[in-house]
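Below is one structure, written out as structure tokens; the observations come after it.
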Amino acid sequence: MINVSNLSVRLGGRQVIHGISLEAAPGALTAIVGPNGCGKTTTLKAISGELPPESGSVSINGRNLKGLKPWELALKRGVLPQSTVISFPFTVREVVRLGLTAGATSDAKANDRIAADALEAVDLGGFAGRFYQELSGGEQQRVQLARVLCQISDPVADGEPRYLLLDEPVSSLDIRHQLTIMQLARKFCGRGGGVIAVMHDLNLTAMFADRMIMMKSGVIRASGAPGDVLTDETMEAVFGCRMQVSAMPAAGVPFVLPQTATL
Amino acid sequence: MPRSEALNRGMRLTALTADIRAEWRSGNRARLARVVIALLIVFAAATFVGSIMTGAADASLSNVVRWLLGASDADQILSVRDRIIILDIRLPRAVLGMLVGASLAVSGVVMQGLFRNPLADPGLVGVSSGASLGAVLLIVLGSAVFGPLFALFGFYALPVAAFIGGLVTTLLLYRIATRGGQTSVATLLLAGIALGALTGAFTGVLIFMADDKQLRDVTFWGLGSLAGANWTKIAAAAPIILLSLAVTPFLARGLNAITLGEAAAFHMGIPVQRMKNIAIVSVAAATGASVAVSGGIGFVGIVVPHLLRLVIGPDHRYLVPASALLGGTLLILADMIARTIASPAELPIGIVTAFIGAPFFLWILLRGRTTMGL
């Protein structure tokens, strides 16, 4: 369980997160959505331990982040940043294996298999020998995800669930790979791990998320099952965009169409 | 059966190259890197011996070796002159060349890793100028102002002064160019130019104040040379250089991780701040010690790592030792050119490295513009 309680974060002198509390349970995909600049990424950075809270606390499996060393944290959660520029000529294989920095076994065969499986999982099976710098943005994003999967290869380790923190994991992917990656995240939850993802696409979020947290201006405006959060009222209140939320008849999964919007 | 054994060996070599080629295609350059390092060790040893054997004067190395091994006819086979030429002139020069070259190349690698950019080089971004300023400050103001420093460090005073100069510049540079874990390349290079100019101006003031003897000592820092190599200089610089080189292999994993950014390195379990502190101090120490004994020799720190990255890739676990070897070897070669091309006169080695390094640097810029964030 990841627990965030009363978290406030100050960034460059300005308070951007105002005392938010949330929980992310293992086995569940928790999605954070909201308009640009509402503090989604900052929240994720505080959860990853990258940004220190001004007040409040973050704990992972019952342990406060403050008391954990970088390598201990690295064994509990992996983080996918929005985009990663590398100015050295690494091959895809080399980038992915950087994920083995923490917690790699000394078994070379096992490491090879973990790295190969991770690339396969993001649908980049034949890409090991390519140069990272020569890939498209979407491919680079998937390589980075494979790197994170190398770090957190098992959703559960030593009887404790582990977590993936994903910052817009599908932002530059084509529709097919958006689905591949979201399914991968779901599968990770299915095997006992937890996922927190910052998302932009509300429809994908509604399809895949167990819980949806909607933020605006550094506070949480709504949270719960996608069907409860995604309503005409919250859409207008949070995004300032009057539109109609519909639902797929069979599954009851809500969706929104930009065609229904009036600004 | 020597013939079939040779054939056997040949087949094994072919199998090895085939393996390496297959691994390369699947993005795995680890074994290639190890083979390259082995070749570099051989190359370094050969160059080292070669440089002791060549020079303006004739001196027989084999006689020296026999003398060192305690041959019974030792006194007849070796003249005093040969002994001095080999043991007190060429050998310290080769040792110093190896040390300084290794230190410059490794400083380049570490700094480039730290700033996540292949253009960051202590010589280019003003760290060497800062180190020279420290050294010149000590020479000109001397014992009047720095009496305690001399008393405390003895003949280490000069490398220590250069180290402090280099450290201050590196810290300033880091402060200016890095915001929130992201280094702006443009800011880095421009701040480097400004810091270089500023430290250069201070050095200018000191030169203006200097007397004739000090002036001769100071001018030496401008060009860079191994000509003054002797065992005392080596004793002063070697411990500092070897110590900072010894630290760098432990930074390798951290430097690899930090190529993805400081945040990503932290996510992967690297204690980023501590690693950066160690890296900065070791770069400043290695650069300071090198500058103190050989002046500002440019471009080794940028050419060597770049060449090696093209062949074995940027994995610092291999890049660091390979750079140390190639840096030392190339500096000895450059020194051989410097002392034979206009023989018996000697060209400062800084001129040779600049003639080779500067065009190479331009070539890097032209072919790497898109991938280096420029």
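A few points about this structure:
- The residues of the stretch B:117-137 that are in a helix (DSSP H, G or I) and crowded, with 24+ Cβ neighbours inside 10 Å, listed by number, are B:127, B:128, B:129, B:130, B:131, B:132, B:133, B:134, B:135, B:136.
Each row is one residue, and each column tells you yes or no for (1) free of Cβ contacts under 8 Å to residues at least 24 places away in the same chain; (2) closer than 28 Å to residue A:240 by Cα; (3) surrounded by 23 or more Cβ atoms within 10 Å (Cβ to Cβ).
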| residue | (1), (2), (3) |
| --- | --- |
| A:18 | no, yes, no |
| A:25 | no, no, no |
| A:40 | no, yes, yes |
| A:59 | no, no, no |
| A:108 | yes, no, no |
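- Remark: residue B:52 matches the filter, which requires a residue to be surrounded by 16 or more Cβ atoms within 10 Å (Cβ to Cβ) and either modelled with pLDDT of 85 or more or within 14 Å of chain A (Cβ to nearest Cβ) (or both).
- The set of residues in the stretch A:45-78 being farther than 21 Å from residue A:197 by Cβ, part of a loop (DSSP other than H, G, I, E, B) and within 8 Å of chain B (Cβ to nearest Cβ) consists of A:69 alone.
- If you go through the stretch A:237-263 and keep only what is assigned to a loop (DSSP other than H, G, I, E, B) and polar (S, T, N, Q), you end up with just A:244.
- Checking each residue in the stretch B:162-187 for being modelled with pLDDT under 80 and among the aliphatic types (A, V, I, L, M) picks out B:185, B:186.
- Some residue of the stretch A:121-141 being under 19 Å from residue B:30 (Cα atoms) and aliphatic (A, V, I, L, M): yes
- Counting only helices (runs of 4 or more DSSP H) that fall entirely inside the stretch B:61-116 and contain at least 2 residues that are at pLDDT below 75 and at negative phi, the qualifying elements are B:61-68, B:74-77.
- Filter pass, residue B:288 being at pLDDT below 90, buried (at least 23 other Cβ atoms within 10 Å of the Cβ) and touching a Gly at 6+ places or on another chain (Cβ under 6 Å): yes
- Which listed residue, of A:148, A:170, is within 18 Å of residue A:24 (Cβ to Cβ) and surrounded by 23 or more Cβ atoms within 10 Å (Cβ to Cβ): A:148
- Cross-chain or 6+ apart pairs with Cβ under 9 Å, the stretch B:251-266 first and more than 8 Å from every other protein chain (Cβ to nearest Cβ) and within 19 Å of residue B:319 (Cα to Cα), then among the aromatic types (Phe, Trp, Tyr) and surrounded by fewer than 24 Cβ atoms within 10 Å (Cβ to Cβ): B:252/B:318
- Residue match in the stretch B:275-289 (condition: within 14 Å of another protein chain (Cβ to nearest Cβ) and in contact (Cβ under 8 Å) with a residue 12 or more places away in the chain): yes
Here is a yes/no grid of residues against (1) touching a His at 6+ places or on another chain (Cβ under 9 Å); (2) closer than 30 Å to residue B:179 by Cβ:
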{"site": "B:224", "(1), (2)": "no, no"}
{"site": "B:237", "(1), (2)": "no, no"}
{"site": "B:249", "(1), (2)": "yes, yes"}
{"site": "B:256", "(1), (2)": "yes, yes"}
{"site": "B:267", "(1), (2)": "no, yes"}
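- Residue match in the stretch A:132-145 (condition: crowded, with 21+ Cβ neighbours inside 10 Å and within 9 Å of chain B (Cβ to nearest Cβ)): yes
- Residue within the stretch A:79-89 that is closer than 22 Å to residue B:23 by Cα, buried (at least 17 other Cβ atoms within 10 Å of the Cβ) and more than 8 Å from chain B (Cβ to nearest Cβ) present: no
- Note on the stretch B:1-33: residues that are part of a helix (DSSP H, G or I) and within 14 Å of another protein chain (Cβ to nearest Cβ) total 10.
- All of A:46, A:121 fail the test of being in contact with a strand residue (DSSP E or B) (Cβ under 6 Å, 6 or more places away or on another chain) and crowded, with 16+ Cβ neighbours inside 10 Å, apart from A:46.
- Subset of the stretch A:104-134 [in contact with a helix residue (DSSP H, G or I) (Cβ under 7 Å, 6 or more places away or on another chain), farther than 15 Å from residue A:145 by Cα and of a type in the set (Gly, Ala, Ser)]: A:104, A:129
- Residue match in the stretch B:312-321 (condition: of a type in the set (A, V, I, L, M, F, W, C) and within 11 Å of chain A (Cβ to nearest Cβ)): yes
- Of the residues in the stretch A:20-28, not one is under 29 Å from residue B:111 (Cβ atoms), part of a loop (DSSP other than H, G, I, E, B) and aliphatic (A, V, I, L, M).
The values are calculated or read from the model by the stated rules, or taken from the named source; none is laboratory data. Here the structure is a predicted model, which means the values were calculated and not measured. Counting neighbours? That spans all protein chains shown, and the Cβs are built from the backbone with ideal geometry, glycine included.
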